[in-house]
Amino acid sequence: MGKISAVDLFSSWAEMGKDEGMETGHAPSVEFMISKSIPKLNDDFSAIDIGCGNGWLVRKLNTFENCLRCTGIDGSESMIAKAKSIDSDGDYFCQKLPGWTPDEKVDFVISMEFLYYLNEPLKFLSELNKNWLNENGILAIGIDHYLENTSSLSWSESLGVSMTTLSIQEWTKGFEDAGFSNIEFYQYGAKEDWAGTLVIIGQK
Ligand SMILES: C[S@@+](CC[C@H](N)C(=O)[O-])C[C@H]1O[C@@H](n2cnc3c(N)ncnc32)[C@H](O)[C@@H]1O
């Protein structure tokens, strides 16, 4: 079956209102990622959410007193239009990745359910380390599609979208190779038929 791009898929989801379901579904894992990352950050921090969808996490982080500014990046015009319609003062940029870097580096990069849509996600980790994060900055990623989460392995076929399937070991080694240290990983929400959201956190 021919594959469509992830950006086209999620644009159609935004148009159908399915972005709101993602927000509800992903929120518990993201709460966990935030709870593990915030204590590692300096008092005041700047942040970027990559693959921000309708921007719900950007708005959440912007409510934190010590968040100086959180920006959202997503390749889908419909998702970004939705984010801006909810929060006209917010910083949301429509950019297809890789191929764009922020003007200013930030202290915290967070990304939920985005990286495996890239053809070379491990290469992108190096780019995040080099061009997106300040010294000692924190990268936190959450992914539900990975080798050990066997119930996610049919998604590429069923959604008709290319996905890069890596094991936990490949992801954590990718963090190491990209220059991150103090790497931690968790399988948040694991249960009998679900290996959990693979959360990986590393420091530049
Ligand atoms: C599964 S959604 C997750 C959205 C949001 N993080 C959440 O948890 O609700 C993945 C998002 O990544 C975006 N995306 C996928 N591939 C992309 C690419 N190459 N460049 C930029 N954004 C991309 C999609 O448009 C979509 O909004």
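The values are calculated or read from the model by the stated rules, or taken from the named source; none is laboratory data. Remember, predicted model here, so these are calculated numbers, not experimental data. Every residue, glycine as well, gets a Cβ built from its backbone with ideal geometry; the counts of neighbours run over all protein chains shown. When the accessible area is computed, the model is the full protein with side chains, heavy atoms only, and any ligands, DNA or RNA have been set aside. Shrake-Rupley method; radii C 1.70, N 1.55, O 1.52, S 1.80 Å.
Below, the figures for the structure above:
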quantity	calculated
Where a residue in the stretch 152-172 is open to solvent by 30 Å² or more (accessible area, probe 1.4 Å) and its partner, wherever it lies, is at pLDDT below 95 and of a type in the set (Ser, Thr, Tyr), with Cβ under 7 Å and at least six apart	none
Residue among Thr164, Thr197 that is of a type in the set (Val, Ile, Thr) and in contact with a Gly (Cβ under 6 Å, 6 or more places away or on another chain)	Thr197
In the stretch 150-204, residue farthest from the chain's Cα centre (by Cα) [restricted to those that are of a type in the set (Ser, Thr, Tyr) and part of a strand (DSSP E or B)]	Ser181
Scope the stretch 24-56; condition within 12 Å of Met112 (Cβ to Cβ), charged (D, E, K, R) and either more than 9 Å from the ligand (Cβ to nearest atom) or surrounded by fewer than 16 Cβ atoms within 10 Å (Cβ to Cβ) (or both); matching residues	Glu31
Test result for Leu97, without any contact (Cβ under 8 Å) to a residue 24 or more places away in the chain and open to solvent by 20 Å² or more (accessible area, probe 1.4 Å)	no
Among the candidates Ser35, Ser76, residue that is more than 21 Å from Phe180 (Cα to Cα), at pLDDT 95 or above and of a type in the set (S, T, N, Q)	Ser76
Some residue of the stretch 117-140 being free of Cβ contacts under 8 Å to residues at least 24 places away in the same chain and either open to solvent by less than 50 Å² (accessible area, probe 1.4 Å) or farther than 22 Å from Ser35 by Cβ (or both)	no
Residue satisfying all of: in the stretch 100-116; under 15 Å from the mean Cα position of the chain (by Cα) and closer than 22 Å to Met163 by Cα; surrounded by the fewest Cβ atoms within 10 Å (Cβ to Cβ) among these	Glu113
Of all residues making up the stretch 57-71, the number that are within 13 Å of the ligand (Cβ to nearest atom) and either over 20 Å from Phe32 (Cβ atoms) or open to solvent by 20 Å² or more (accessible area, probe 1.4 Å) (or both)	2
The stretch 75-94: number of residues that are in a helix (DSSP H, G or I), among the charged types (D, E, K, R) and open to solvent by 60 Å² or more (accessible area, probe 1.4 Å)	2
Output for the stretch 150-176, where each listed residue is of a type outside the set (Gly, Ala, Ser) and out of contact with any Leu (no Cβ under 7 Å at 6 or more places or on another chain)	Thr150, Leu153, Trp155, Glu157, Met163, Gln169, Glu170, Thr172, Lys173, Glu176
Failed criterion for Asp19 (all others in (1) modelled with pLDDT of 95 or more; (2) over 24 Å from Glu184 (Cβ atoms); (3) near the ligand (Cβ under 8 Å from one of its atoms) hold)	(1)
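Condition check ((1) touching a strand residue (DSSP E or B) at 6+ places or on another chain (Cβ under 9 Å); (2) closer than 28 Å to Arg59 by Cα) across all residues:
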site: Lys105; (1), (2): yes, yes
site: Phe108; (1), (2): yes, yes
site: Leu125; (1), (2): yes, yes
site: Asn134; (1), (2): yes, yes
site: Leu139; (1), (2): yes, yes
site: Asn149; (1), (2): yes, no
site: Glu157; (1), (2): no, no
site: Lys173; (1), (2): no, no
site: Gly202; (1), (2): yes, yes
